[in-house]
1. Sort through 41, 49 and tell me the only one that's open to solvent by less than 50 Å² (accessible area, probe 1.4 Å), closer than 19 Å to residue 338 by Cβ and within 16 Å of the ligand (Cβ to nearest atom).
2. Please count how many residues of the range 265-317 are within 15 Å of the ligand (Cβ to nearest atom) and assigned to a helix (DSSP H, G or I).
3. Would you mind finding the one in 303, 364 that is in contact with an Asp or Glu (Cβ under 6 Å, 6 or more places away or on another chain), of a type in the set (D, E, K, R) and assigned by TED's automatic domain parsing to the domain that holds residue 43?
4. Scan the range 202-227 and report the pairs whose first residue is hydroxyl-bearing (Ser, Thr, Tyr) and whose second residue is within 9 Å of the ligand (Cβ to nearest atom) and assigned to a loop (DSSP other than H, G, I, E, B), with Cβ atoms within less than 7 Å and a gap of 6+ or a chain change.
5. Quick one: how many residues across the range 339-390 are aromatic (Phe, Trp, Tyr) and within 15 Å of the chain's Cα centre (by Cα)?
6. Kindly list, by first and then second residue, each pair from a residue in the range 24-38 that is surrounded by fewer than 14 Cβ atoms within 10 Å (Cβ to Cβ) to a residue that is modelled with pLDDT of 95 or more and of a type outside the set (Val, Ile, Thr), limited to pairs with Cβ atoms under 7 Å and residues at least 6 apart or on different chains.
7. Condition (residue is of a type in the set (Lys, Arg) and within 13 Å of the ligand (Cβ to nearest atom)) applied to the range 65-81: is it met by at least one residue?
8. Return yes or no: is residue 178 part of a helix (DSSP H, G or I), buried (at least 16 other Cβ atoms within 10 Å of the Cβ) and either modelled with pLDDT of 95 or more or touching a Cys at 6+ places or on another chain (Cβ under 7 Å) (or both)?
Amino acid sequence: MIGARGAISTCVAYGLSGLRQGLLEPVGLTTECSPLNRMDLAGIDAIVLGGHEIAEAGSTAVAGELVRAGVLPAEVVAAGSGDAAAFDASIRPGILDLAEVGRADLDPAAASMGGASPRAKVDRLREDIESFRRETGVGRVVVVYLASAEPAIEESPHWNDLAAFEKALDGEGEFPASSLYAYSALTAGCPFVNFTPNHGSSIEALRQLAIERGLPHCGNDGKTGETLLKTALAPMFQKRALRVLAWQGYNMLGNRDGETLRDPLRRAKKCRNKDAPLHQILGDDRTHTQVGIDFVPSLHDWKTAMDFVHFEGFLGAKMSLQFTWAGSDSALAAPLVIDLVRLAEFAARKGESGEMPQTACFFKSPLAGGSHDFHEQHRELVKYALKHAT
Ligand SMILES: NC(=O)c1ccc[n+]([C@@H]2O[C@H](COP(=O)([O-])OP(=O)(O)OC[C@H]3O[C@@H](n4cnc5c(N)ncnc54)[C@H](O)[C@@H]3O)[C@@H](O)[C@H]2O)c1
């Protein structure tokens, strides 16, 4: 897990530990439901965690914060302390995105790589992945990107072609850290899952690399809350021929992700990912839509989204729907991460390569494109599972 001391990674680590010890039920895990549970997926017990992080060990005390916020049960944290310590000890220093240089809580080893060449960074990451594989003896490594949202940077021509990308690694080329991680994962023979709005493996050069290496990859940006609800509800308006005049969404979140998204450059991509699906589902250019995100520290992990849908029916009658979603962002995301790891490992084992269209229902901006309608996306996942069910 990249971003291994973040809120989602912490919930994945304690969640897996709690499941193994029988302290938790697999609520929220799609892969534990029929027909996915009839596929030959890796067992929960078979998953060994490792990761990269740029924040110093102990500097974030994320588990304690999540207990205080009412997300992680204290007994699961107490019972999982041994597993958590082993995981923490296996975390390696990450590579910095330019925007993180100078952050106060940086791991000195990560900070010292700040000025290294892109080639030196990807070589180091690949060696780390390979040594994790050797040390743990796991059959396959899946790299999941769970680091902070990156600021939007202008796309460079070398992102569009693999040969140019590889040449630029030796020069001065600009790269998002997420794409350097994705490159390292794919060249180490690992499937890559990007749960964030960051570029990751979605740039053309890395799509080419995944095909060349025969590896599956998927992303971008986990669909866990407001967008999940929007893409489940919007098809209803469209199917009943009701005209959606406006869909305004306002999100408040108080965790570190929310703090990161205060930066307008980092927020821009997230807002686009949250807005675009509506237009595609409703198919009406006239629909007025807008998404706002604000940081409200007291909410901590409890993301609150308020949506106002103004719509028109027969005779021009104007009506509205308003809803408020209050969800624990990390508790919603963690089981999806486990699902995606199992699906990516399975796809790699079956020799699949490319963008994993079966995982579209997990993402706001699916790599393989296609419909944003949650029901249609979920049907594709079920179809895939039935094809592989035993
Ligand atoms: N929670 C959700 O529902 C949800 C949904 C969709 C997307 N996401 C995305 O998932 C990501 C993780 O969310 P979170 O709540 O765990 O965030 P978080 O801020 O708690 O954790 C991110 C972690 O990444 C680390 N990090 C930053 N840059 C790094 C780098 N270059 N290398 C290694 N580590 C790095 C940070 O130090 C931090 O520990 C965010 O990008 C968020 O936007 C979350």
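1. Answer to the check: 49.
2. The number of residues fulfilling the criteria is 15.
3. When all the criteria are applied, what remains is 364.
4. From the range 202-227, the pairs are 202/220; 227/364.
5. 2
6. Here the result reads 38/389, each pair linking the range 24-38 to a residue that is modelled with pLDDT of 95 or more and of a type outside the set (Val, Ile, Thr).
7. Scanning the range 65-81 turns up no residue that is of a type in the set (Lys, Arg) and within 13 Å of the ligand (Cβ to nearest atom).
8. It is true that residue 178 is part of a helix (DSSP H, G or I), buried (at least 16 other Cβ atoms within 10 Å of the Cβ) and either modelled with pLDDT of 95 or more or touching a Cys at 6+ places or on another chain (Cβ under 7 Å) (or both).
The values are calculated or read from the model by the stated rules, or taken from the named source; none is laboratory data. Just so we're clear, the structure is a prediction, and the values are computed from it rather than from any experiment. Cβ: placed from backbone, ideal geometry, glycine included. Neighbour counts: every protein chain shown. Calculation scope for accessible area: heavy atoms of the full protein, side chains included, ligands and nucleic acids excluded. Shrake-Rupley method; radii C 1.70, N 1.55, O 1.52, S 1.80 Å.
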